[in-house]
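Worksheet for the structure shown next.
The values are calculated or read from the model by the stated rules, or taken from the named source; none is laboratory data. For clarity, every value in this text was computed on a predicted model and none was experimentally measured. Cβ atoms come from the backbone with ideal geometry, glycine included; neighbour counts cover every protein chain shown.
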Amino acid sequence: MSPKDTSRTSGGGRSGLAESFTPGRIAMIAVAILTLVFIFENTGEVRIRLLIPQVAMPLYVALLATALLGGVCGYYVAARRRK
């Protein structure tokens, strides 16, 4: 009998929950948590120049927007590699 034919959860195999927490996913969760802590600890008002206009906004809004844009760009690049 090949290893593919046996059930993963019976007889000491890994469960679905254990397989879902890979080291890479745990690292990404840790980075996401640290990013959110950093963003929400920096709440002071800042002036930011967006090409020509200069706007004043809380720093956490600028950091959160930058993190979201980075995530969207990373997702786009990863999706293009899969094709």
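Is there a residue being assigned to a helix (DSSP H, G or I) and exposed (fewer than 12 other Cβ atoms within 10 Å of the Cβ) anywhere in the stretch 41-59? Taking every residue of the stretch 41-59 in turn, at least one turns out to be assigned to a helix (DSSP H, G or I) and exposed (fewer than 12 other Cβ atoms within 10 Å of the Cβ).
Does VAL46 fit the bill of being under 15 Å from the mean Cα position of the chain (by Cα) and at pLDDT 80 or above?
On the way: under 15 Å from the mean Cα position of the chain (by Cα): no; at pLDDT 80 or above: yes.
So VAL46 does not fit the description; no.
Remark: pairs (first residue in the stretch 19-36, surrounded by 10 or more Cβ atoms within 10 Å (Cβ to Cβ); second residue at pLDDT below 90 and not in a helix (DSSP H, G or I); Cβ separation under 9 Å; 6+ apart in sequence or on different chains) = GLU19/ARG8; ILE29/PHE21.
Search the stretch 66-81 for residues being of a type in the set (Gly, Ala, Ser) and either surrounded by fewer than 12 Cβ atoms within 10 Å (Cβ to Cβ) or not in a helix (DSSP H, G or I) (or both), and hand back the single one that is farthest from the chain's Cα centre (by Cα).
Just the residues of the stretch 66-81 that are of a type in the set (Gly, Ala, Ser), to begin with: 67, 70-71, 74, 78-79.
Restricting the remaining residues to those that are either surrounded by fewer than 12 Cβ atoms within 10 Å (Cβ to Cβ) or not in a helix (DSSP H, G or I) (or both) gives 70, 74, 78-79.
Working: GLY70: 10, GLY74: 10, ALA78: 13, ALA79: 15 Å.
The selected residue is ALA79.
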